[in-house]
1. Measuring from centroid to centroid over Cα atoms, what is the spacing of the range 340-409 and the range 517-567 in Å?
2. Ignoring everything but the protein chains, give the 1.4 Å probe accessible area of W226 in square angstrom, nearest 10.
3. Evaluate E = 1/(1 + (r/R0)^6) for E18 and E262, where r is the Cβ-Cβ distance and R0 equals 25 Å; express this FRET efficiency to the nearest 0.05.
4. Taking the Cα centre of the chain as origin, sum charge times position over the Cβ atoms of Lys and Arg (+1) and Asp and Glu (-1), and report the length of that vector in debye to the nearest 20.
5. Evaluate Rg over Rh across the range 167-235, taking Cα atoms for both radii and Kirkwood's formula for Rh.
6. Of the options N575, L12, Q360, report the single residue whose Cα projects farthest towards the positive end of the charge dipole of the chain (beta-carbon charges: Lys, Arg +1; Asp, Glu -1).
7. Using 0.36 nm per residue, how much length does the chain from V33 to E348 gain when fully extended, once their Cα-Cα distance is taken away?
8. Between S521 and R62, with labels modelled 7 Å along Cα→Cβ, what's the label distance in nm to one decimal, could you check?
Amino acid sequence: MSAIRKTTQYVLPVVKTEQPGNYDPYPVHDLGVDKIFSGYESLAQSIKGYRNVVIDGYGGVRFDDFARELNKELIKSGVHALWWRTSAAMKSPEDIDKLIEPYLGGDDPLFGFRAQLGLAGFFDIDKLRSIRPDEKAELNILIGEGASLAGWDATVVYIDIPKNEIQFRARSGSITNLGAVHPDAPKKMYKRFYFIDWVVLNKHKKQLLPDIDIYVDGQRENEITWAHGETIRKGLSRLGRNGFRVRPWFEPGAWGGQWIREHIPALPYDVPNYAWSFELIVPENGIIFSSDNTMLEVSFDSVMYQCGEDVVGKDCYEEYGDEFPIRMDYLDNFDGNNLSIQCHPRREYIRKNFGEVLTQEETYYILDTKDDAVVYLGFKDDIEPEKFRAALTESYEKGTPLDVPRYINSEKSEKHGLYLIPPGTLHSSGRNNLVLEISTTPYIFTFKMYDWLSLDLDGRPRPLNITRAMDNLYFDRKGEKVVRELVSHPALLEKGADWELWHLPTHANHSYDVHRYKIGSKVEVKTEGKCHVLNLVEGDSAVVETAGGAKFTLGYAETLVISAAAGSYKIINTNDREIMMVKAFMK
């Protein structure tokens, strides 16, 4: 595995085992007995009775290796398959470069535009459809991205792979972008993944999902796991009626800290820090199913394609479609460094320039803090935009420090405080904070203005976007207005015998709101047609039970999605002291 993926993160185990500590990095959703199978041998036994099979899948799957291992098992079972590959019908790399060029953002190292393309456009479609099964062959297999586009009357196998594993493979140079011959620099590959490959392949997956006969988790090349398509679709539908935890993943960073590393013992310790926990950043999360403790991961978007309206509710689905609107993640710079001084694009800007439906409407919920940490938020009262721009430019060009206190406001970081960062707001987390970042979903559209002269983990300065930031900043968010409008002031909404519901108001420009429950024993909550995203911010654990009978045990700092279609659920305190649960939902 070491040559295929570049990371210290563990690959998802085949078998679910007990994890140390309260935080479980492998949350599973049980499908029942004998629903998930492992190994190429079992897959070969399953398909050997068919005449024609297409093996489609996601970019980042190493199809040649998969074909080799599966063919070994077919031969052992006495079946001699005739193999065909979709790569033979793919357009030339030069033609594909011309096709995608309008969406790559030119020389911009980070940003492009969401592709308005379909997977068929990457193929000479007549050539692909001219690949026909040999009637004399014992078994015909067509394999590769887009195999189902050939129009065979065949059993459909689909190989999925998580986005984090795609990035680990890209960093090792073991895969290429869709239609490319050679791997590129990892950051260039990521930009192409985000704006081109994943957009195109997601559309294809959505169209194909109802017809998948066998669903394969391809992240472990030595031992695949798989299930029948109908089993996966039923499992997804059940999540849509109740709720789920996604599989989080973790990344070190230039400013990263030690809180995550010290509080989540199930993670590898041989990294300098953990800067991010991708708790619920759904374009890159997966959902793990289990059966008899055998695990299979599907990409998060599968649940939206199967039953998105059940998950987010009718109104939200009509507005945003398959885009799940809320994200939660952790920013850890305990004993680390300051985050960059940054802002996020206004809604009209992100739609016009990058083709995104949602923009980043952030809040910082402070889960933990120490040593008089601060949140940088807005400007000083006497801010002059052009002088600020000149100071940023001078710092960038000369490599000199920015006089941050001269221009930028800071607020003392309060544990359980909520700091509001609507689009266009200058912000940063000072060191020694563990931030639960609650936001709308996009997450790469950060315009950095000043990065404290720090270097990324590759030893290079991270790109700054001073011009884009200046185009989006609201300079009237300053002075006393910051305290009035950008620091949330909690208000008691309801209370029962041993529970309280507090409103942590968000900004008028936020499309979501935040509540916090204080619970002595239990409380019942109605979804009222909305999806709720929960995080246990105080207490060791809690149990959440939906009206439909699903039961989740939530550890400290873990995140849970309750689907709109659940109707209602109970939060049950399993501690001998009061717990607190944060709830985010669309307004």
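The values are calculated or read from the model by the stated rules, or taken from the named source; none is laboratory data. Every value quoted in this text rests on a predicted model; they were computed, and no experiment measured them. Neighbour counts are summed over all protein chains in view; Cβ atoms, including those assigned to glycine, are modelled from backbone coordinates with ideal geometry. Just the protein is used for accessible areas: all its heavy atoms, side chains included, with ligands, DNA and RNA removed. Shrake-Rupley method; radii C 1.70, N 1.55, O 1.52, S 1.80 Å.
1. 34 Å
2. 10 Å²
3. Working: r = 20 Å, r/R0 = 0.80.
Step by step, r from the Cβ atoms, then E = 0.80.
4. It works out to roughly 480 debye.
5. Answer for the range 167-235: 1.04.
6. Towards the positive end, the residue furthest out is Q360.
7. That works out to 108.5 nm of additional length.
8. 5.7 nm
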